[in-house]
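> So that we are looking at the same thing, I have put the structure below in structure tokens.
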């Protein structure tokens, strides 16, 4: 896997940076396209469902779950 790539998103009115490997960003981008939402909207949904897990970990798990189900 490649070096971490940071992206900023707005969560609950606050800018937050998420650092993930490019491979995870690619899957998250694909998830957002498949659902017809923006990447930011997808991450907001992941944030709401993460149940105390760190956001980057929740994003990785969401991407992994999506990749395994397709």
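> Do we find a residue being assigned to a helix (DSSP H, G or I) and either buried (at least 17 other Cβ atoms within 10 Å of the Cβ) or on the phi > 0 side of the Ramachandran plot (or both) anywhere in the range 17-24? Before the answer, list the steps.
We begin by selecting, within the range 17-24, every residue assigned to a helix (DSSP H, G or I); these are 22-24.
Filter once more, keeping what is either buried (at least 17 other Cβ atoms within 10 Å of the Cβ) or on the phi > 0 side of the Ramachandran plot (or both): 24.
Yes: the range 17-24 contains one or more residues that are assigned to a helix (DSSP H, G or I) and either buried (at least 17 other Cβ atoms within 10 Å of the Cβ) or on the phi > 0 side of the Ramachandran plot (or both).
> Identify all residues within the range 47-70 that are under 18 Å from residue 5 (Cα atoms) and either modelled with pLDDT under 95 or surrounded by 12 or more Cβ atoms within 10 Å (Cβ to Cβ) (or both); write none if there are none. If you could, list the steps in order and put the result at the bottom.
Applying the first criterion (under 18 Å from residue 5 (Cα atoms)) to the range 47-70 yields 54-64.
Listed by number, the residues that qualify are 55, 56, 58, 59, 60, 61, 62, 63, 64.
> I would also like to ask the following. Which of the residues belonging to the range 6-16 are surrounded by 11 or more Cβ atoms within 10 Å (Cβ to Cβ) and touching a strand residue (DSSP E or B) at 6+ places or on another chain (Cβ under 9 Å)?
7, 9, 10, 16
The values are calculated or read from the model by the stated rules, or taken from the named source; none is laboratory data. Everything quoted here is computed from the prediction, not taken from an experiment. Counting neighbours? That spans all protein chains shown, and the Cβs are built from the backbone with ideal geometry, glycine included.
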